[in-house]
Amino acid sequence: MLSQFIGSEKRRMLGTLHFDFPEGTHAIGRLDAESEGLLLLTTDKRITRLLFLSGTPHRRTYLVMVKNVVNGDTLRQLQTGVSIRIHEGADYITPPCEVEIVEKPAGLFSGAFEHLEQWPHTWLKITLTEGKYHQVRKMVAAVRHRCQRLIRLSIEDMELGGLQPGEVREVDGATFFQKLKL
């Protein structure tokens, strides 16, 4: 699903969800079409600026399935920073971040993803405070691993929890600002 309400592409979009979104609702910190997980929606246009464009860093945590087995040296490279290519071909060294190898999450292999489990892979939990274009995918590619699944688990204290694909959970304004540390 694309993290937008309307568009020219023939993919499923947010407007197809069975939920009566208020006028002016938009996505914050969009996910690319191949990514999954927590997507924040709001009618407050200040949130994107406060959350992603302010001088205060905000933590984002992802669950990442990469092809093949990740070793300790590779893990340390990811933790201390790797060189990735960003807009207009410039190289960028990612700042240090939290990366750990985690056990296979329960309930994530069904349908289209079932075949991935049969090949060597590693699940990583990556927490960073910035989000350059496709940054997590580029980081794991920089250490010679292919990202097979990317699931955003949280932004600050706003967590995906047991929310299933296509489900919507409303949060009151005070809780929203508190959990996002705004």
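Rule-based calculations on the coordinates, nothing more; no lab input. Predicted model only: the values in this text are computed from it and were never measured. Heads up, the Cβs are rebuilt from the backbone with ideal geometry, glycines too, and the neighbour counts pull from every protein chain shown.
Taken over the C-alpha atoms, region 59-155 has Rg and Dmax values of 13.2, 39 angstrom.
Mean-square fluctuation check for the chain, GNM, Cα pairs under 10 Å: which of G72, G29, G89 is largest? Among G72, G29, G89, the largest GNM mean-square fluctuation belongs to G89.
Partners of K45 within straight-line reach, counting aspartates and glutamates whose Cα lies under 15 Å from its Cα and excluding those fewer than 8 residues away in the same chain: E23.
Neighbour counts of C-beta atoms inside 10 Å place T129, T56 in the sequence T56, T129, starting with the fewest.
For region 131-182, which GluC sites (Glu not before Pro) are in a loop by DSSP, counting at most 13 other Cβ atoms within 10 Å? Walk me through the numbers before you get to the answer.
Values: sites: E156, E159, E167, E170; in loops: E156, E167, E170.
Of the GluC sites (Glu not before Pro), the ones in loops of region 131-182 whose Cβ has at most 13 other Cβ atoms within 10 Å are E167, E170.
Exposure proxy check: K138, K104 ranked by fewest other beta carbons within 10 Å? Walk me through the numbers before you get to the answer.
Working: K138 18, K104 11.
Placing the least packed residue first, the sequence is K104, K138.
In the chain, helices alone account for a calculated mean residue ellipticity at 222 nm of -4500 deg cm²/dmol, with every DSSP H run of four or more residues adding -39,500 (n - 2.57).
Taking the Cα centre of region 34-154 as origin and charging only Cβ (+1 Lys, Arg; -1 Asp, Glu), how large is the dipole, in debye to the nearest 20? Write out the running numbers ahead of the final one.
Values: 17 positive and 12 negative charges, 56 e Å.
Dipole size: approximately 280 debye.
Take the Cα gyration tensor of the chain, multiply each eigenvalue by 5, square-root it, and list the three semi-axes largest first, rounded to whole angstrom. It would help to have the intermediate numbers written out before the result.
Numbers: eigenvalues 149, 85, 51 Å².
For the chain, the ellipsoid semi-axes come out as 27, 21, 16 Å.
Close amide H partners of F19, meaning residues 5 or more places away or on another chain with modelled amide H under 5 Å apart, do not exist here. Taking region 1-98, which chymotrypsin sites (Phe, Trp or Tyr not before Pro) meet the DSSP loop condition and have no more than 15 other C-beta atoms within 10 Å? Filter output for region 1-98: F5, F19. For H121, the amide hydrogen comes within under 5 Å of the amide hydrogens of N68, counting only partners 5 or more places away or on other chains and with H modelled in the peptide plane.
Ordered by the number of other Cβ atoms lying within 10 Å of each residue's own Cβ, fewest first, I101, I126, I151 fall into the sequence I101, I151, I126. For a straight C-alpha distance cut-off of 12 angstrom, the aspartates and glutamates reachable from K67 (same-chain residues fewer than eight places away being disregarded) are E117.
Where in region 27-99 are there GluC sites (Glu not before Pro) that are in a DSSP coil and have at most 15 other Cβ atoms within 10 angstrom of their Cβ? When the GluC sites (Glu not before Pro) of region 27-99 are filtered for loop state and at most 15 Cβ neighbours within 10 Å, E34 remain. Centre-to-centre, using Cα atoms only, region 3-30 and region 165-182 are separated by 17 Å. Amide H to amide H, with H built 1.01 Å from N, L163 comes under 5 Å of no residue 5 or more places away or on another chain.
Only four residue types carry charge here, +1 at the Cβ of Lys and Arg and -1 at the Cβ of Asp and Glu. Report the dipole size of region 120-182 about the Cα centre in Debye, rounded to the nearest 20. Don't skip to the end; give the middle numbers.
Working: 11 positive and 7 negative charges, 121 e Å.
Result for region 120-182 is approximately 580 debye, rounded to the nearest 20.
Excluding L41 itself, calculate the net charge of residues whose Cβ lies under 12 Å from the Cβ of L41, where each Lys or Arg counts +1 and each Asp or Glu counts -1. With Lys, Arg at +1 and Asp, Glu at -1, the neighbours total 0.
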